[in-house]
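Quick notes on the structure that follows.
The values are calculated or read from the model by the stated rules, or taken from the named source; none is laboratory data. Everything quoted here is computed from the prediction, not taken from an experiment. Counting neighbours? That spans all protein chains shown, and the Cβs are built from the backbone with ideal geometry, glycine included. To get the accessible areas, we keep the full protein, side chains included, count just its heavy atoms, and leave off ligands, DNA and RNA. Shrake-Rupley method; radii C 1.70, N 1.55, O 1.52, S 1.80 Å.
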Amino acid sequence: MRKITLPTIIDIEASGFGAASYPIEIGIVRYDGAKWCKLLRPFASWVHWDKEAESLHGISQQMLQARGEEPLTVCMELNNFLGNTVVYSDGWVVDNPWLIKLFAAAQVEMSFTCRALDYILSEAQMEKWHEVKNNLNAEFDVKRHRASSDAMIIQQTYAKTLELART
């Protein structure tokens, strides 16, 4: 049986849900299992804050000020960690614009490409996706809705649904 090559998965937590929102945490699980996660200290011009989003991810503005890293540093680290690769997101419609917003504001060119996870999912995987993801969330007992945990669960769901689709 041939070994499954896992996709690199990115997940982003944000200050809110609308156009004024911005990324506050980025988590990645790379194809080789390496993990990367950082909180972002917002630019001074990034002021939108949604308490509903905060209640989901549990990241406060105070936490970002205390432990968040400078956006320029985060962009450079992301480029270094990902190189010239493709990362996949299950929330591409919002994640990709947040990445574009971050890199544009930091005035850094993004070395990697972000694509929708749907591009690499078969119909059989999509049919099983939600059930498998819910089971994995329960199995791993993920307590927090955070970027790194979410990226790991998404990557594991990809692997499990691929395995099930092949049987």
Checklist entry - Can you find even one residue in region 87-94 that is in contact (Cβ under 8 Å) with a residue 24 or more places away in the chain, charged (D, E, K, R) and in contact with a strand residue (DSSP E or B) (Cβ under 8 Å, 6 or more places away or on another chain)? => result yes
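Can you name every one of the helices (runs of 4 or more DSSP H) wholly within region 29-144 that holds 3 or more residues which are of a type in the set (A, V, I, L, M, F, W, C)?
Output list reads 61-67, 71-82, 92-106, 123-140.
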Checklist entry - Can you tell me which residues in region 132-166 are within 28 Å of Ser60 (Cβ to Cβ) and in contact (Cβ under 8 Å) with a residue 40 or more places away in the chain? => result Arg144, His145, Arg146, Ala147, Ser148, Ser149, Asp150, Ala151, Met152, Ile154, Gln155
Checklist outcome for this item: By residue number, the members of region 14-32 that are in contact with a helix residue (DSSP H, G or I) (Cβ under 9 Å, 6 or more places away or on another chain), over 14 Å from Phe112 (Cβ atoms) and open to solvent by 10 Å² or more (accessible area, probe 1.4 Å) are Phe17, Ala19
Checklist outcome for this item: Restricting region 47-92 to residues that are open to solvent by 20 Å² or more (accessible area, probe 1.4 Å) and among the β-branched types (Val, Ile, Thr), the one nearest to Arg115 (Cα to Cα) turns out to be Val86
